[in-house]
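The values are calculated or read from the model by the stated rules, or taken from the named source; none is laboratory data. Computed from a predicted structure; not experimentally measured. Cβ atoms come from the backbone with ideal geometry, glycine included; neighbour counts cover every protein chain shown.
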Amino acid sequence: MQLHEKIPNNVNLSQDKRLLRALEKWQPDYLKWWHEAGPTNFQANEIYLRTAISVDSKGWAHFDYVKMPDYKWGIFLTPPEHDRRIGFGDFLGKAAWQEVPGEFRNALRRIIVTQGDTEPASVEQQRLLCNTAPSMYDCRNLFQVNVEEGRHLWAMVYLLHAYFGRDGREEAEDLLERRSGDADKPRILSTFNEPIADWLSFFMFTMFTDRDGKYQLLALAESGFDPLARTTRFMLTEEAHHMFVGETGVGRVVKRACDLMKKDPNEDVRNQGGIDLDTVQKYVNHWYSSSLDLFGGEISTNAADYFASGLKGREHEGQFTDHVALHATYRIPVIDDGRLTERDVPMRNAMNEVLRDAYIDDNQRGVDRWNRMIAEAGVNYTITLPSRRFNRTMGIYTGYHFNPAGEQISAGEWERRKHEWLPNEADRIYVKSLMLPVLELGKMANWIAAPERGVKGQPIDFEYIRLV
Ligand SMILES: [Fe+2]
Ligand SMILES: [Fe+2]
């Protein structure tokens with residue numbers, strides 16, 4: 001471990017002068033990007049943050065006060081596995097690649113750039129939120145997510161610099177050039193160009209969109225290109241916290257809604273200054289459906305090619321018995337002649353859908369926990385995940401209309417009813433009106449319950465941000 005270095009790492013950077021020079025040249029550009037596109041405030045404040053310092057499962061992180069621009073963005077890969085073999089596809093059982101296989105160079109670079117692009121994009125989307133944090137605890141969590149997304153960018157840039165030569169370096173520069181929502185140079189994926197204007201959206205994003213990230217990383221953690229597998233395995237340890245922020249964040253909004261319902265003679269949560277469960281449901285519908293798009297087409301030759309060539313597997317490939325998947329099929333509801341029907345497609349072409357299935361189950365577990373809280377509060381309400389066909393703008397359901405139950409409806413009915421299901425202008429304005437900063441120690445905004453516990457054993461009223 002080389003922690004004292006300018007770029008902390010466990011990849012022996014000091015032994016590779018060319019790579020070190022390239023990364024040291026990229027570093028000031030990265031910091032310039034951070035100042036331009038990172039959080040708009042608190043850059044000079046000391047924040048109680050977690051920093052990755054090793055890949056040891058017991059003690060990989062260190063907590064201390066640090067100013068964000070001084071954060072130690074390091075490069076960490078899980079240790080190499082002795083004699084690792086490719087676990088799926090046409091190269092099943094062959095030695096994992098330690099260098100980029102020439103024939104898959106472009107595909108691999110594309111995968112890494114697409115993943116890498118989401119990391120700075122989310123920091124850009126969230127840059128204004130620090131001005132309206134509902135508590136110091138939450139503001140600190142936002143910054144934790146932001147600096148770790150920055151480290152994830154470093155992780156992908158390391159792969160580009162170390163394994164892709166000159167075009168890798170150019171891609172690394174471009175990753176700092178694109179900007180979320182920019183008309184000329186947008187980020188690659190559309191979900192990452194939507195601004196995150198309020199904290200309810202932030203919690204939805206970290207619940208649903210970061211979880212897409214988790215599943216993409218799980219699929220890449222199986223990659224036959226060993227450096228990619230080892231990089232993404234370590235990124236997953238940080239990703240877990242982002243989804244914790246999302247799930248508990250929404251959970252606290254839900255809990256507060258239940259409390260406020262009981263306080264109000266008409267059970268009117270908005271009358272009490274909170275976010276009502278119907279609004280929560282609409283935000284769920286929006287962010288969940290938008291995140292489902294990120295998995296790509298239901299029937300995909302790209303997905304089939306990535307699987308065949310051993311670049312991108314299924315999450316926890318070891319749980320499957322057939323790692324070649326050449327003869328199996330997968331039944332998918334498709335639109336045929338304008339009507340919903342089912343078709344068996346070759347399993348390899350359905351790999352995006354297989355990954356989406358696992359993602360949906362994982363989300364459902366979180367939603368179940370919210371519903372248990374609602375039931376425990378004695379409130380009669382169930383939050384549901386809409387059908388995977390609802391509100392899609394990518395894949396085979398695009399251009400057709402479905403209600404949250406997944407039943408096909410006409411364009412007219414969609415237009416009439418979409419604002420029952422998705423946040424409308426008034427909902428957004430209302431939620432935004434609640435976004436006023438609360439930074440007093442231990443205090444929470446009225447619309448959110450306190451967390452159950454603080455960070456790393458600290459109390460909830462701990463000074464997570466030194467304001468002076
Ligand atoms: Fe990330
Ligand atoms: Fe994340």
- request: State all residues of the range 174-230 that are within 14 Å of ligand 1 (Cβ to nearest atom), more than 24 Å from MET435 (Cβ to Cβ) and either out of contact with any Asp or Glu (no Cβ under 8 Å at 6 or more places or on another chain) or outside any helix (DSSP H, G or I) (or both); if no residue qualifies, say none.
  value: LEU189, ASP212, GLN216, LEU220, ALA221
- line: Taking the range 96-130 and the residues there that are among the polar types (S, T, N, Q) and surrounded by fewer than 22 Cβ atoms within 10 Å (Cβ to Cβ), the one that is nearest to ligand 2 (Cβ to nearest atom) would be THR114
field: Residue list for the range 261-275, restricted to those being touching a Lys or Arg at 6+ places or on another chain (Cβ under 9 Å) and either buried (at least 21 other Cβ atoms within 10 Å of the Cβ) or at positive phi (or both)
entry: VAL269, GLY274, ILE275
task: State whether the residues of the range 389-406 include one that is touching a Ser or Thr at 6+ places or on another chain (Cβ under 7 Å) and of a type in the set (Lys, Arg).
output: yes
- prompt: Can you pull out the residues in the range 323-346 that are at pLDDT 95 or above and either more than 15 Å from GLU298 (Cβ to Cβ) or under 26 Å from the mean Cα position of the chain (by Cα) (or both)?
  reply: HIS323, VAL324, ALA325, LEU326, HIS327, ALA328, ILE332
field: Condition broken by HIS241, with the remaining ones in (1) in contact with a strand residue (DSSP E or B) (Cβ under 9 Å, 6 or more places away or on another chain); (2) within 16 Å of ligand 2 (Cβ to nearest atom); (3) farther than 30 Å from GLY378 by Cα satisfied
entry: (3)
- prompt: Going by the structure shown, is GLY246 away from ligand 1 (no atom under 16 Å from the Cβ) and either over 30 Å from ARG105 (Cβ atoms) or not aliphatic (A, V, I, L, M) (or both)?
  reply: no
task: Restrict the check to the range 233-241 and report whether at least one residue is outside any loop (DSSP other than H, G, I, E, B) and more than 28 Å from PRO134 (Cβ to Cβ).
output: yes
Pair list, Cβ < 6 Å and 6+ apart or interchain, from the range 122-140 residues that are within 13 Å of LEU200 (Cα to Cα) to residues that are within 15 Å of ligand 2 (Cβ to nearest atom) and outside any loop (DSSP other than H, G, I, E, B): LEU129/LEU142; LEU129/PHE202
message: So ASN146 passes all but one of these: (1) assigned to a helix (DSSP H, G or I); (2) away from ligand 2 (no atom under 16 Å from the Cβ). Which condition number does it fail?
response: (2)
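Return the only residue of ASP167, ASP226, ASP259, ASP198 being free of Cβ contacts under 8 Å to residues at least 60 places away in the same chain and away from ligand 2 (no atom under 16 Å from the Cβ). Give the steps one after another, and end with the answer.
Working: ASP226 fails: free of Cβ contacts under 8 Å to residues at least 60 places away in the same chain; ASP259 fails: free of Cβ contacts under 8 Å to residues at least 60 places away in the same chain; ASP198 fails: free of Cβ contacts under 8 Å to residues at least 60 places away in the same chain.
When all the criteria are applied, what remains is ASP167.
Quick grid of which residues meet (1) assigned to a helix (DSSP H, G or I); (2) more than 30 Å from ALA257 (Cα to Cα); (3) modelled with pLDDT of 95 or more; (4) in contact with a Pro (Cβ under 7 Å, 6 or more places away or on another chain):
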residue: GLN364; (1), (2), (3), (4): yes, no, yes, no
residue: ARG369; (1), (2), (3), (4): yes, no, yes, no
residue: ALA375; (1), (2), (3), (4): yes, no, yes, no
residue: LEU385; (1), (2), (3), (4): no, no, yes, no
residue: ILE396; (1), (2), (3), (4): no, yes, yes, no
residue: PRO404; (1), (2), (3), (4): no, no, yes, yes
- request: Scan the range 302-319 for residues that are surrounded by 17 or more Cβ atoms within 10 Å (Cβ to Cβ) and outside any helix (DSSP H, G or I) and report the count.
  value: 7
So GLY181, is it on the phi > 0 side of the Ramachandran plot and free of Cβ contacts under 8 Å to residues at least 12 places away in the same chain: no
Residues satisfying the stated conditions in the range 408-440, i.e. more than 30 Å from ARG339 (Cβ to Cβ) and assigned to a helix (DSSP H, G or I): GLU425, ALA426, ASP427, ARG428, ILE429, TYR430, VAL431, LYS432, SER433
query: Since PRO39 meets every condition but one in (1) at pLDDT 95 or above; (2) surrounded by fewer than 20 Cβ atoms within 10 Å (Cβ to Cβ); (3) touching a Lys or Arg at 6+ places or on another chain (Cβ under 6 Å), which condition does it not meet?
result: (2)
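From the list LEU175, LEU217, pick out the single residue that is over 28 Å from ARG428 (Cβ atoms), within 12 Å of ligand 2 (Cβ to nearest atom) and out of contact with any strand residue (DSSP E or B) (no Cβ under 6 Å at 6 or more places or on another chain).
Working: LEU175 fails: within 12 Å of ligand 2 (Cβ to nearest atom).
That would be LEU217, the only listed residue that is over 28 Å from ARG428 (Cβ atoms), within 12 Å of ligand 2 (Cβ to nearest atom) and out of contact with any strand residue (DSSP E or B) (no Cβ under 6 Å at 6 or more places or on another chain).
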query: Can you name the condition, by its number, that GLU194 falls short on among (1) touching a helix residue (DSSP H, G or I) at 6+ places or on another chain (Cβ under 8 Å); (2) acidic (Asp, Glu); (3) at pLDDT 95 or above?
result: (3)
